[in-house]
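Undergrad: First the structure, then my questions, so here it is.
The values are calculated or read from the model by the stated rules, or taken from the named source; none is laboratory data. Small disclaimer: the values here were computed from a predicted structure and weren't measured. Note that each Cβ is placed from the backbone with ideal geometry, even for glycine, and that neighbours are counted across all protein chains shown. Calculation scope for accessible area: heavy atoms of the full protein, side chains included, ligands and nucleic acids excluded. Shrake-Rupley method; radii C 1.70, N 1.55, O 1.52, S 1.80 Å.
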Amino acid sequence: MADLSLVLLGAPGAGKGTQAKPLAKDRGLLYVSTGGVLRAAAGRGSASGRAARRYMDAGELVPDDLVYSLVLETLEQASGAEGVLFDGFPRTITQAEALDETLRRLARRPPRAVLMDVPDEVLVARLSGRRGCVDRGHEYHVLYRPPRRPDTCDVDGSALVRRSDDEPQVTRRRLTVYHEQTEPLIDHYAQRHRLLRIAGEDDPEEVRRRI
Ligand code: AMP
């Protein structure tokens with residue numbers, strides 16, 4: 001595997017998922033979304049998935065042991081990829097240190113981080129309008145990317161729903177958790193000269209060009 005570990009940093013709604021998927025595809029990187037992996041586990045109803053869901057629905061972070069086991073499982077599938085693109089991981093200083101340490105142990109280069117900077121008021125508007133299809137998670141937004149028919153997926157015709165943690169009261173908690181627990185990662189990567197900071201407010205094509 002080529003030696004790139006890229007961390008996309010940003011608040012909920014900053015556009016990490018929107019940017020990460022095409023970026024990973026273009027560059028042949030293994031895409032690791034901890035939120036996506038946790039939602040899939042919750043959907044399967046496994047014991048760890050059910051435990052994770054309680055935290056996610058409250059807008060809190062899922063405990064580290066659950067996150068690590070999922071991330072490590074996914075990383076084992078990484079051989080053959082050009083590197084790894086993390087979306088939503090790490091989210092705390094402890095997780096960032098664990099990632100640094102794991103890469104060191106594997107004799108791999110330290111991660112690089114890209115911060116997508118978006119003001120809180122824009123994040124709230126983005127999150128409240130987000131919709132996804134129940135079947136395969138195709139993504140829409142009531143204002144910025146509306147489906148052709150209301151509440152119906154253009155691709156497979158299934159119903160569009162709001163993620164339970166995009167409800168306004170949970171969204172506010174997720175933003176507070178971001179500011180308190182995840183924002184310190186900006187300094188963690190800046191001090192190591194491994195941070196690229198970009199404005200993430202503009203349309204996705206423009207943000208993509210910056211990255
Ligand atoms: P996301 O899809 O990245 O917005 O993540 C959705 C939810 O999954 C978060 O609000 C957390 O509850 C949980 N989650 C995702 N990634 C992590 C992580 N690295 N550490 C702890 N919890 C996480």
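Undergrad: Please identify the pairs in which a residue from the range 25-41 that is more than 22 Å from residue 82 (Cα to Cα) and among the small types (Gly, Ala, Ser) has its Cβ atom under 9 Å from the Cβ atom of a residue that is part of a helix (DSSP H, G or I) and open to solvent by 50 Å² or more (accessible area, probe 1.4 Å), counting only partners at least 6 apart or on another chain.
TA: The qualifying pairs are 41/48; 41/50; 41/53.
Undergrad: Let me ask another. Quick check on the range 70-82. Is at least one of its residues open to solvent by less than 50 Å² (accessible area, probe 1.4 Å), closer than 18 Å to residue 11 by Cβ, within 15 Å of the ligand (Cβ to nearest atom) and in contact with a strand residue (DSSP E or B) (Cβ under 9 Å, 6 or more places away or on another chain)?
TA: No, there is no match, as no residue in the range 70-82 is open to solvent by less than 50 Å² (accessible area, probe 1.4 Å), closer than 18 Å to residue 11 by Cβ, within 15 Å of the ligand (Cβ to nearest atom) and in contact with a strand residue (DSSP E or B) (Cβ under 9 Å, 6 or more places away or on another chain).
Undergrad: Kindly indicate whether any position in the range 100-114 is farther than 18 Å from residue 3 by Cβ and of a type outside the set (A, V, I, L, M).
TA: So far as the range 100-114 goes, no, none of its residues is farther than 18 Å from residue 3 by Cβ and of a type outside the set (A, V, I, L, M).
Undergrad: Further question: If a residue must be open to solvent by less than 90 Å² (accessible area, probe 1.4 Å), assigned to a helix (DSSP H, G or I) and away from the ligand (no atom under 12 Å from the Cβ), how many such residues does the range 41-55 contain?
TA: 3
Undergrad: Okay, next question. List pairs: first in the range 1-23 and among the β-branched types (Val, Ile, Thr), second in a strand (DSSP E or B), Cβ under 8 Å, 6+ apart or cross-chain?
TA: Close Cβ pairs satisfying both conditions: 7/86; 7/112; 7/113; 7/114; 18/139.
Undergrad: Listed residues 38, 23, 6, 29; which is within 10 Å of the ligand (Cβ to nearest atom) and open to solvent by less than 40 Å² (accessible area, probe 1.4 Å)?
TA: Only one candidate qualifies: 38.
Undergrad: Does the range 103-121 include one or more residues that are within 14 Å of the ligand (Cβ to nearest atom) and either acidic (Asp, Glu) or out of contact with any strand residue (DSSP E or B) (no Cβ under 9 Å at 6 or more places or on another chain) (or both)? Give the steps one after another, and end with the answer.
TA: At the first step, the residues of the range 103-121 found to be within 14 Å of the ligand (Cβ to nearest atom) are 111, 113, 116, 118.
Filter once more, so that each one left must be either acidic (Asp, Glu) or out of contact with any strand residue (DSSP E or B) (no Cβ under 9 Å at 6 or more places or on another chain) (or both): none.
No, the range 103-121 contains no residue that is within 14 Å of the ligand (Cβ to nearest atom) and either acidic (Asp, Glu) or out of contact with any strand residue (DSSP E or B) (no Cβ under 9 Å at 6 or more places or on another chain) (or both).
Undergrad: I would also like to ask the following. Working only within the range 133-167, note down all residues that are closer than 18 Å to residue 35 by Cα and in contact with a helix residue (DSSP H, G or I) (Cβ under 9 Å, 6 or more places away or on another chain).
TA: Filtering the range 133-167 for residues closer than 18 Å to residue 35 by Cα gives 133-140, 161-167.
Listed by number, the residues that qualify are 137, 139, 140, 162, 163, 164, 165, 166, 167.
Undergrad: Would you say residue 73 is farther than 25 Å from residue 197 by Cα, out of contact with any Cys (no Cβ under 6 Å at 6 or more places or on another chain), of a type outside the set (Val, Ile, Thr) and in a loop (DSSP other than H, G, I, E, B)?
TA: no
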